[in-house]
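Trainee: I am attaching a structure below and will ask some questions about it afterwards.
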Amino acid sequence: MARILAIDFGKKRTGLAVTDELQIIASGLTTVNTPELLGFLKTYTAKEKVELFVVGEPKQMNNTASESEVLITPFLQKLVKQFPDIPVVRVDERFTSKMAFQSMIDGGLKKSQRKNKALVDEISATLILQSYLASK
């Protein structure tokens, strides 16, 4: 089996999470500066077999696309072009940032550590991936 890689796309930073090879456990991978994302993914997929990208889909409370979807659409087009053999699945990412922040509090992280937005992005990607795995 191959890994599943989740992407919490952001304007400045993008959080990444990945499964183990058996696709049982979702773990935070890293946070990448968004302009460097495709290069990072190219390097990562050269080292690790990835069978699926799970990309967060930001929605409003009324289930319509959020404003940030206009930033994600061009990225998705590039992703599909760069990795034509790896399918892309979208997963609703509503509340993942709030859940990530709460998990940091629950995990006992100090206030100064909770200000680390890169960590919030990575945890959000992990939550997106866990959501996908639970739905399978």
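Trainee: As an exercise, use a Förster radius of 30 Å and the Cβ-Cβ distance of residue 36 and residue 1 to find the FRET efficiency, rounded to the nearest 0.05. If you can, show how the numbers build up before the last one.
Mentor: Values: r = 28 Å, r/R0 = 0.93.
Here the calculated transfer efficiency is 0.60.
Trainee: Need one number: nm distance between label points at residue 70 and residue 82, each 7 Å from Cα along Cα→Cβ, rounded to one decimal.
Mentor: Each label point lies 7 Å from its Cα, and together they span 2.3 nm.
Trainee: Could you give the length gained by full extension between residue 24 and residue 135, i.e. 0.36 nm per residue of separation minus their alpha carbon distance, to one decimal place?
Mentor: Working: separation 111, 0.36 × 111 = 39.96 nm, distance 1.24 nm.
Taking residue 24 through residue 135 to full extension adds about 38.7 nm, to one decimal.
Bear in mind these aren't lab numbers, they're just calculated from the coordinates by the rules spelled out. Just so it is clear, the model here is predicted, and its values are computed rather than measured. Backbone-built Cβ (ideal geometry, glycine too); neighbour counts: all protein chains shown.
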